[in-house]
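A quick write-up on the structure given underneath.
The values are calculated or read from the model by the stated rules, or taken from the named source; none is laboratory data. Only a predicted model underlies this, so the values are computations on that prediction, with no experimental measurement involved. In this analysis, Cβ positions are derived from the backbone assuming ideal geometry, glycine residues included, and neighbour counts consider all displayed protein chains. Protein only, heavy atoms only, side chains kept; ligands, DNA and RNA dropped before computing areas. Shrake-Rupley method; radii C 1.70, N 1.55, O 1.52, S 1.80 Å.
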Amino acid sequence: WDNADFSRGVGTTFYQEFPTLNTAKPPFVRDVEAKIRRYLRSSYSAAWTLKITWEKAPAYAARTDTRRTVTYQAILTTDGFRSFVLMLYQEGGMQWDYTRLAATNVLIGYT
């Protein structure tokens, strides 16, 4: 996430928290739970979920090109014992031109 560059006023980042330990779960959280159950073939009931969205984010360094932007999300969720991250990218995946980045060891995801 550190290669997004909002210094030129293009793009935005926002987040939404879903604390659902003792409350009704909105459709978004139910969808996250269903994805985790499907991928892991295990039961899962979220106690807390955070959705972070980078919308129309230009790659670093934005001073060279702000026309090529991407929208992507990270969803962090936990049941209090296990935690998961879902990485969601716009259709077509990450569209930044990685050959123009200073780093040569480009990764998509997290460690």
| What full-extension length gain, to one decimal in nm, is calculated for Trp48 and Tyr15 as 0.36 nm per residue of separation minus the Cα-Cα distance? | 10.5 nm
| task | Give the accessible area for Glu55 in Å² (nearest 10); use a 1.4 Å probe, count only protein heavy atoms, and leave out ligands, DNA and RNA. | result | 80
| field | Rg/Rg_ref, segment 12-100, where Rg_ref = 2.2 N^0.38 Å and atoms are Cα | value | 1.30
| query | Under a Cβ-Cβ cut-off of 15 Å, what is the net charge of the residues other than Arg30 that fall near it, where Lys and Arg count +1 and Asp and Glu count -1? | reply | +2
